[in-house]
Every structure is written in structure tokens, then in C-alpha cells.
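This report concerns only the one structure given below.
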Amino acid sequence: MDRRETAALLAYIGRLDPRLIRTDQGEVGDQLAQWHELLGDVPMDTPHGWDARVAARQHIRTSPYQILPSDVVRPWESYRRDRLARHSDPTPSADPDDQAAWTAELVGMRRAVAAGIAEPAQARAITSGHDGTDPRLEAMLEQVGSCIPPAARAALAAYRPARAAREAAIAQGRPDALSVRCAWCKAQPGVPCRRRRIGPDDGVRATAPRATPHPGRLDLAATQQAQPTGQAPQPTFA
């Protein structure tokens with residue numbers, strides 16, 4: 001608050017607690033300078049719930065001691081901490097590759113929340129509707145086609161053979177085997193098939209993921225892809 005706001009706050013407090021009133025001009029100037037020095041970074045009020053006069057009135061109502069500048073500063077610091085604790089950083093609209101702009105937007109939002117200028121951003125719940133993604137990010141993702149750049153996807157293909165084979169099949173219009181459950185190894189949709197390691201006693205010792213799905217799973221995916229929309233799938237047998 002500026003000096004005029006500090007003087008207005010002192011006048012308001014003086015009406016509630018006459019002990020703070022000074023009549024000597026020198027004492028009035030010294031008191032104003034002291035309070036302004038200590039409350040210079042505390043706003044008089046904010047659009048979202050803070051008011052220094054409310055904090056001062058609350059102290060005068062509940063404490064028998066004469067009010068001090070710290071009795072206004074402490075509630076203000078508590079107000080700031082509470083807002084930052086309830087704030088969940090939203091994804092900045094700046095280009096993620098521009099580290100300076102990304103960081104500046106995050107810091108600016110946090111400062112606005114702490115100062116009471118903006119409301120804390122709550123973490124969004126998972127919904128089935130529109131998530132409110134920034135249009136610029138949507139346009140960028142549409143242009144790139146994926147959150148993983150093509151060069152990075154190609155470099156990872158050797159380390160993710162099952163996923164690479166699935167992506168290649170989908171791109172060529174072939175059935176997506178991982179879209180159905182495997183009747184042989186019981187792998188659920190979206191999970192790669194697994195091969196069994198049999199011990200000398202014919203017992204299953206371990207399983208390991210397969211780079212390619214079982215043939216029966218491919219046949220089932222092809223059958224479902226060929227069926228008209230809305231037609232119930234025919235039962236299959238392992």
C-alpha cells in the first residue's frame with residue numbers, strides 16, 4: 001500500500017482503538033513513516049478476499065493488546081501461503097522449447113495468485129468433455145501429429161519392437177492385434193502377448209513379452225475389423 005492508504009488504515013484503526021491516535025505532528029509523521037515502512041508490500045485489499053482493515057478489526061476484537069504492524073503482516077503472509085498451497089500450476093501456453101518464456105509464465109502466475117490478483121488454479125478432474133486445452137497447443141499438436149516427434153519415435157523403435165510393429169500395422173491399414181484379448185496367453189487389450197518358458201517338468205517357469213502377437217490374436221482382430229459396425233462378434237475358440 002502507498003502512504004495515503006497507510007494513513008487511511010491508521011485513521012480507520014484510530015476510530016476502533018483510540019490508543020493508537022497521536023496528536024503531536026512529529027509523532028504523527030513518525031508513526032506514519034514506521035507503519036508505511038513495515039506495510040509497504042502489503043496491499044490494502046485484493047479482488048479475492050484480502051482486506052487489511054478486516055485483519056486489523058479482527059485483531060482489535062480478539063486481542064487486549066494494542067495493534068502493531070506485525071498484526072496485519074501475519075494475516076497477509078498466511079493469506080499468501082494458503083493461496084499458493086491451493087494452487088496447481090496449469091500448463092503454460094508458451095512454447096515448451098522456449099525455457100525463458102515457459103518459466104516466466106509460471107512465475108508470473110504464481111506471483112499473481114500469491115498477491116491475490118488471480119484465483120488459485122485447481123487440478124482438473126478427469127472428465128469426458130472438452131478439457132479446455134489452449135488452442136495454440138492444439139494447433140501445434142495437430143501440426144506435429146503426436147506428442148513424440150517422428151525422429152524420436154524412429155529412434156525408439158528398436159527398443160519397443162511390439163509397439164513399433166503395432167504402429168506400422170495400423171499405418172498400413174492392417175488389423176490392430178492389441179485391440180482384442182489374446183485367447184492363448186490371456187493378454188488383455190493393449191497389452192503385448194507373452195511367451196511361456198517351460199521347464200524340464202513341463203511346468204511354466206516364466207513368461208516374457210513377444211515382439212509379435214500370437215497368430216490367433218491376429219485372426220480375431222482381422223475378424224472384428226471385417227465385421228460391419230454394430231454386428232456382434234462371433235465366438236472364437238483357442
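Summary table
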{"read-out": "The chain, relative contact order in percent, only Cα pairs under 8 angstrom and at least six apart counted", "value": "11 percent"}
{"read-out": "Given charges at Cβ of Lys, Arg, Asp, Glu: region 1-128 dipole, positive-most of Leu32, Val54, Leu9", "value": "Val54"}
{"read-out": "Spin-label pair Ala155/Ile198, simplified geometry with 7 Å Cα→Cβ offset, distance in nm", "value": "4.2 nm"}
{"read-out": "Cut-off under 5 Å, modelled amide H: who pairs with Arg195 long-range", "value": "Ala208, Arg210"}
{"read-out": "Protection proxy ranking, peptides 93-103, 42-52, average beta carbon neighbours within 10 Å, highest first", "value": "42-52, 93-103"}
{"read-out": "Added length on full extension, which subtracts the Cα-Cα distance from 0.36 nm per residue, Val107 to Leu16", "value": "28.9 nm"}
{"read-out": "Distance between modelled label sites at Glu77 and Ala115, nm, 7 Å Cα→Cβ extension", "value": "2.1 nm"}
{"read-out": "Virtual spin-label span in nm between Glu142 and Ala123, 7 Å along Cα→Cβ", "value": "3.1 nm"}
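All of the numbers you see were taken from the coordinates with simple rules; none came from a lab. Since the model is a prediction, treat every value here as computed from it, not as a measurement. Here the Cβ is made from the backbone with ideal geometry for all residues, glycine too, and neighbour counts use every protein chain on show.
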